[in-house]
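Asker: So that we are looking at the same thing, I have put the structure below in structure tokens.
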Amino acid sequence: MNILVVNDDGIRSPGLRALVEALKEKANVFVCAPDGQRSAKSHSITLGENVYIQPVEYPGAKGALQTSGTPADCTKIGLQFFEEEGNPIDMVYSGINLGSNLGWDTLYSGTVGAAAEAAMSGIHGVAVSVASHDASHFDAAGQLAVAMLDLVYGKVDPRIVMNINTPDLPKDQIKGIKVVPLGQRYYDDKFHLVDENQYTLSGNPADYSEAGAVDVTAVHGDYATITPLQFDFTDRQHLDLVKEWNLSL
């Protein structure tokens with residue numbers, strides 16, 4: 001099996017290294033990652049400007065590329081270039097991200113966006129994250145990533161992305177695994193002036209509480225979570241309502 005590993009934290013991220021190490025014993029691993037930080041790029045791709053693509057050496061990988069592109073670009077590039085070299089990709093893993101991708105974060109996430117690009121290409125995609133920007137505990141996330149090889153490949157619709165999040169804790173301190181839907185976490189963030197006509201966006205998650213079992217509360221409660229994601233945004237419940245408006249031009 002050939003696996004493409006991508007991320008949004010850049011090719012030097014310890015999370016990327018941990019994911020390659022976890023997967024390399026089970027499959028042929030290929031890497032395509034940005035040359036630097038690309039968090040919150042969502043599913044954006046680069047248009048109207050050139051993207052540089054450079055082969056690099058990467059420990060544990062059969063081949064590796066670094067690029068100036070976005071995380072979704074990395075998926076596109078990796079799928080194309082490694083197939084052209086005679087290594088068609090069977091699954092795409094995105095991560096391990098430094099920081100969780102929970103609730104509405106998934107709309108902004110470059111990690112999830114890169115996995116979604118795989119799904120749009122008909123290739124199984126798995127997004128993997130640890131809930132700390134200074135994460136140091138990757139064992140649980142790596143173990144769940146490896147488990148997806150046998151559980152997902154050829155058994156799950158490739159248009160579905162498996163979104164994995166773990167607390168930044170030693171594996172023996174994680175309480176278990178919960179399969180839960182996305183919550184509704186959002187951020188209390190604002191643009192702040194840093195220089196004349198220059199602003200930076202910063203903030204923290206807003207106070208959050210939501211009834212029922214969702215990914216946000218589960219990870220905060222020291223559980224690992226798995227959420228299957230699909231990317232048909234159609235609100236089918238309201239299709240009939242909108243039809244009843246009888247709009248015309």
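Asker: Through the Karplus equation 6.51 cos²θ - 1.76 cosθ + 1.60, θ set to phi - 60°, convert the phi angles of segment 170-186 into ³J(HN,Hα) values in whole Hz; use x for Gly and Pro.
Answerer: Using θ = phi - 60°, the values come out as x, 3, 6, 9, 7, 6, x, 10, 10, 9, 9, x, 5, x, 10, 5, 9 Hz.
Asker: Using a 7 Å offset from the Cα along the Cα-to-Cβ direction at both LEU107 and GLU25, what is the distance between the two label points in nm, to one decimal?
Answerer: So the two model labels end up 4.1 nm from each other.
Asker: Also, quick follow-up: To check you understand DSSP bridge types, tell me what percent of the beta bridges within the chain (both residues inside) are antiparallel, rounded to 5.
Answerer: Antiparallel bridges: around 35 percent, rounded to the nearest 5.
Asker: Mind listing the long-range amide H neighbours of GLY63? Cut-off is under 5 Å, sequence gap 5 or more, other chains count too, H placed in the peptide plane at 1.01 Å from N.
Answerer: Counting only residues 5 or more places away or on other chains, the set is VAL31.
Asker: So if we plug the beta-carbon distance of ILE177 and LEU249 into 1/(1 + (r/R0)^6) with R0 = 35 Å, what FRET efficiency do we get, rounded to 0.05?
Answerer: Taking R0 as 35 Å, the efficiency between ILE177 and LEU249 is 0.10.
Asker: Next question. If you take the charge dipole of segment 2-243 about its Cα centre, with +1 on Lys and Arg Cβ and -1 on Asp and Glu Cβ, which of PRO55, SER132, THR227 is farthest toward its positive end?
Answerer: Checking the options against the dipole of segment 2-243, the answer is THR227.
Asker: Ok, one more. Only residues of segment 125-166 count here: report those whose backbone N is under 17 Å from the spot 7 Å along Cα→Cβ of ASP222, or say none.
Answerer: Residues 131-132, 136-141, 166 fall inside that zone.
Asker: Among the aspartates and glutamates, select those whose C-alpha is under 16 Å from the C-alpha of LYS62, and discard any that sit fewer than 8 residues away in the same chain.
Answerer: Hits, sequence-local ones excluded: GLU21, GLU25, GLU83, GLU84, GLU85, ASP90.
Asker: Where does the chain land on the Kirkwood hydrodynamic radius, alpha-carbon pairs, in angstrom?
Answerer: Mean inverse Cα-Cα distance, inverted, gives 18.7 Å.
Asker: What pairs from LYS24/LYS155; LYS41/LYS243; LYS155/LYS178; LYS24/LYS171; LYS24/LYS175 go past 31 Å between their alpha carbons?
Answerer: Among LYS24/LYS155; LYS41/LYS243; LYS155/LYS178; LYS24/LYS171; LYS24/LYS175, the Cα-Cα distance tops 31 Å for LYS41/LYS243.
Asker: How much length is gained if the chain between ASP150 and GLN198 is pulled fully straight, taking 0.36 nm per residue apart and subtracting their Cα-Cα distance, in nm to one decimal?
Answerer: Gain in length upon complete extension: 12.4 nm.
Asker: To the nearest Å, what is the center-to-center distance of segment 211-249 and segment 24-72, using C-alpha atoms only?
Answerer: 30 Å
Asker: Just need the relative contact order of the chain here, percent rounded to a whole number, with Cα pairs under 8 Å and 6+ apart.
Answerer: Relative contact order, the chain: 17 percent.
Asker: Tell me the label-point distance for the pair ASP188, GLN143, using the 7 Å Cα-to-Cβ offset, in nm and rounded to one decimal.
Answerer: 3.6 nm
Asker: I need the peptides 93-99, 160-166 ranked by packing, meaning the mean over residues of other C-beta atoms within 10 angstrom, with the highest value on top.
Answerer: Ranked by mean Cβ neighbours within 10 Å, highest first: 93-99, 160-166.
Asker: Continuing with this model, one more query. Applying 1/(1 + (r/R0)^6) with R0 = 45 Å to the Cβ-Cβ distance of ARG236 and GLN54, what FRET efficiency is obtained, to the nearest 0.05?
Answerer: Given R0 = 45 Å and the Cβ-Cβ separation, E is 0.50.
The numbers here are math on the coordinates, done by the rules we state, and not lab data. Model, not experiment: these values are computed from the prediction. Backbone-built Cβ (ideal geometry, glycine too); neighbour counts: all protein chains shown.
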